[in-house]
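Notes to accompany the following structure.
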Amino acid sequence: MQNTRSRLQFPLIVAITLALASGCGAEVSESIAAAPAPSETEPRYEQGAPNYDGIGKRYLGREISHVMGHRGAGWLERPERERTERTDLLIELLPIKPDSVIADIGAGTGYFSFPMARKASEGRVIAVDIQQEMLDIIKARQEEGAPANVDPLLSTESDPTLPANSVDLALIVDAYHEFSYPYEMGIGIVKGLKPGGLLALVEYRGEDPTVPIKRLHKMTEAQSKLEMDAIGLEWVETIDALPQQHLMLFRKPAETQDASLND
């Protein structure tokens with residue numbers, strides 16, 4: 001795993017550099033702003049004065065944080081990440097079968113997409129992101145030899161655009177707290193899951209003040225359960241084997257009322 005990462009480090013840096021040099025940050029902002037999204041006046045959200053690193057928009061009592069843009073791609077690939085977060089252990093803990101279809105929601109640079117694709121060697125990983133720049137990095141890595149069974153998919157802020165009932169496992173790592181439309185994105189993920197499919201939600205532990213992450217970039221287990229229950233997912237278990245994060249598994253019921261997903 002370490003050797004593979006070393007081989008991909010140079011093309012990744014090149015891709016990031018090209019993205020920055022092209023001045024595409026403004027294009028990302030425009031594309032996100034242009035994406036269809038529900039009205040801000042919907043009662044499930046509240047708007048107020050923003051706290052530090054927040055957008056002022058609140059969902060079920062939680063303020064949504066700012067999104068980390070593609071200019072922060074280096075943070076996702078920092079060399080010490082595996083050691084401090086045990087990302088290798090996270091991959092081991094995920095219920096991945098050789099033929100699994102997995103959606104990596106907020107895939108970024110493909111940090112988790114590619115290791116999962118190696119485990120699901122007969123399946124595939126759908127790398128979902130709202131920023132084309134991130135997906136371009138994934139494509140650049142594939143051109144340098146990264147697994148081909150990763151399919152980049154551009155989504156919007158309110159819809160992951162997954163095919164219905166197509167995914168065995170959805171993974172969201174340290175990204176859900178940034179979703180501008182968590183309810184709508186969550187409903188889209190549930191629609192994309194097969195009946196009985198799992199969502200693995202990974203977030204820095206909000207209950208633990210020793211986790212050195214900004215407050216709005218962490219979530220408690222209780223808040224996570226509350227928000228997953230709101231979209232019809234059933235809590236399965238919480239695995240706290242990681243140094244800083246909760247790994248929480250939620251299941252789509254085997255029989256789901258379509259009407260509840262079209263609210």
Filtering the range 118-169 down to residues that are closer than 14 Å to Gly106 by Cα and of a type in the set (Asp, Glu) yields Asp129, Glu133, Asp136, Asp151, Glu157, Asp159
Scanning the range 178-230 residue by residue, those assigned to a strand (DSSP E or B) and surrounded by fewer than 19 Cβ atoms within 10 Å (Cβ to Cβ) turn out to be Lys194, Pro195, Gly196
Flagged in the range 231-253 as outside any strand (DSSP E or B) and either under 21 Å from Val67 (Cβ atoms) or open to solvent by 50 Å² or more (accessible area, probe 1.4 Å) (or both), in numbering order, are Ile231, Asp240, Ala241, Pro243, Gln244
Assess whether Glu42 counts as being modelled with pLDDT under 95, acidic (Asp, Glu) and open to solvent by less than 30 Å² (accessible area, probe 1.4 Å).
no
When restricted to Leu154, Leu198, Leu171, the only residue in contact with a strand residue (DSSP E or B) (Cβ under 8 Å, 6 or more places away or on another chain), under 24 Å from Lys57 (Cβ atoms) and not basic (Lys, Arg) is Leu154
Taking the range 161-174 and keeping only residues that are open to solvent by 10 Å² or more (accessible area, probe 1.4 Å), within 20 Å of Leu216 (Cβ to Cβ) and of a type in the set (A, V, I, L, M), one is left with Val173
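Filter the range 59-92 for residues that are at pLDDT 95 or above and buried (at least 16 other Cβ atoms within 10 Å of the Cβ) and give the result.
Start the filter on the range 59-92 by keeping residues that are at pLDDT 95 or above, which leaves 59-65, 86-92.
Residues satisfying the conditions are Tyr59, Arg62, Glu63, Ile64, Ser65, Arg86, Thr87, Leu90, Ile91.
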Within the range 122-143, residues polar (S, T, N, Q) and either crowded, with 24+ Cβ neighbours inside 10 Å or more than 15 Å from the chain's Cα centre (by Cα) (or both) come out as Gln131, Gln142
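The values are calculated or read from the model by the stated rules, or taken from the named source; none is laboratory data. Just so we're clear, the structure is a prediction, and the values are computed from it rather than from any experiment. Ideal geometry is used to build each Cβ from the backbone, glycine not excepted, and the neighbour counts take in all protein chains shown. Keep in mind that these areas ignore ligands, DNA and RNA; they rest on the heavy atoms of the full protein, side chains included. Shrake-Rupley method; radii C 1.70, N 1.55, O 1.52, S 1.80 Å.
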